[in-house]
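Let me begin by presenting the structure, written as structure tokens, before commenting on it.
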Amino acid sequence: MEFDNIECVSSSDGLDEDEIHHHNLQHHLHQFASSKPHNVNNNHNNGNTIVVGGPPAIAPATSVHELLECPVCTNSMYPPIHQCHNGHTLCSTCKTRVQNRCPTCRQELGDIRCLALEKVAESLEFPCKFYNLGCPEIFPYYSKLKHEAICNFRPYNCPYAGSECSVVGDIPFLVAHLRDDHKVDMHTGCTFNHRYVKSNPREVENATWMLTVFHCFGQYFCLHFEAFQLGMAPVYMAFLRFMGDETEARNYTYSLEVGGHGRKLTWEGTPQSVRDSHRKVRDSHDGLIIQRNMALFFSGGDRKELKLRVTGRIWKEQQNPETGVCIPNLCS
């Protein structure tokens with residue numbers, strides 16, 4: 001269900017079939033250690049992850065990387081690493097999916113660990129897999145996975161909440177994606193004045209929503225307005241999300257106000273990052289919540305049509321270098 005009207009005023013190849021010998025592993029290790037930094041293509045498409053304008057970075061040595069790549073899922077392998085009698089390896093997750101048959105030679109897998117490859121992996125260091133998005137860090141192989149789960153350069157999920165959109169990418173790419181693919185309204189400035197109209201406010205379903213993107217202070221913010229059931233009570237909710245990491249989001253504050261007929265509700269808070277899912281933010285009730293009866297009161301008239309005007313402002317907290325006191329920086 002959508003609002004009737006909104007106005008804005010302002011698989012990689014398998015491993016070589018020869019058995020993995022200690023001499024060959026040492027050769028691969030030496031090759032990785034002696035590899036030099038080199039530039040990578042600045043435009044890289046990896047599934048839904050879109051890389052735009054990534055800086056030059058250190059790419060992992062191909063031969064070593066392929067040794068540690070599962071031939072089934074193509075992900076990096078971590079202990080336990082399994083192998084067949086002919087030395088072909090695969091990860092523990094895929095071992096349960098191939099019905100105990102080696103995907104390379106079709107021989108029975110058994111329960112053999114490739115301890116040599118696991119040991120070699122302990123001595124290796126690799127760049128973060130988000131090196132082409134700008135992450136400069138290099139980690140021991142077994143620490144790399146933990147870092148990548150929280151890497152500040154990892155791509156963001158699309159913040160559009162009206163569908164199960166699986167697109168990921170950096171912020172500039174997602175802004176263009178929201179504008180071009182989801183047809184989201186884009187506005188410049190840190191103040192807003194929106195009017196939400198719904199002809200039948202008795203129909204309240206989860207994920208009834210509107211989304212607008214604002215650009216101010218060189219950053220992007222997502223303003224959400226939704227109707228959903230809170231327990232047995234239908235409510236409307238407006239909240240702001242910051243298109244960036246949580247640490248950056250803390251530098252900003254926003255206020256929301258809705259009212260009519262001499263009454264008003266106000267909300268002030270810090271926007272949450274789009275790292276947190278839309279549902280998580282909504283279910284935390286971190287925003288301006290309007291009960292339906294109050295919303296209809298603000299709408300006036302015969303209370304048969306929802307007409308809400310939500311106004312707001314975004315500002316950046318700046319610290320006075322002389323007094324140490326935070327002062328708001330309001331854009332004009």
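Conditions (1) in a helix (DSSP H, G or I); (2) more than 29 Å from the chain's Cα centre (by Cα), marked per residue:
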{"residue": "Glu118", "(1), (2)": "yes, yes"}
{"residue": "Leu174", "(1), (2)": "yes, no"}
{"residue": "Leu178", "(1), (2)": "yes, no"}
{"residue": "His194", "(1), (2)": "no, no"}
{"residue": "Val197", "(1), (2)": "no, yes"}
{"residue": "Leu211", "(1), (2)": "no, no"}
{"residue": "His215", "(1), (2)": "no, no"}
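To keep it simple, each residue is scored yes or no on (1) open to solvent by 40 Å² or more (accessible area, probe 1.4 Å); (2) under 22 Å from Val281 (Cβ atoms).
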position: His147; (1), (2): no, no
position: Ile150; (1), (2): yes, yes
position: Tyr160; (1), (2): yes, yes
position: Val168; (1), (2): no, yes
position: Ile171; (1), (2): no, yes
position: Asp180; (1), (2): yes, no
position: Asp185; (1), (2): yes, yes
position: Arg195; (1), (2): yes, no
Only one of Gln219, Gln229 is of a type outside the set (Gly, Ala, Ser), surrounded by fewer than 21 Cβ atoms within 10 Å (Cβ to Cβ) and closer than 21 Å to Met294 by Cα, namely Gln229
Those residues of region 250-288 which are of a type in the set (Val, Ile, Thr), buried (at least 17 other Cβ atoms within 10 Å of the Cβ) and in a strand (DSSP E or B) amount to Thr253, Val258
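The values are calculated or read from the model by the stated rules, or taken from the named source; none is laboratory data. All values derive from a computational prediction rather than experimental measurement. Cβ: placed from backbone, ideal geometry, glycine included. Neighbour counts: every protein chain shown. Protein only, heavy atoms only, side chains kept; ligands, DNA and RNA dropped before computing areas. Shrake-Rupley method; radii C 1.70, N 1.55, O 1.52, S 1.80 Å.
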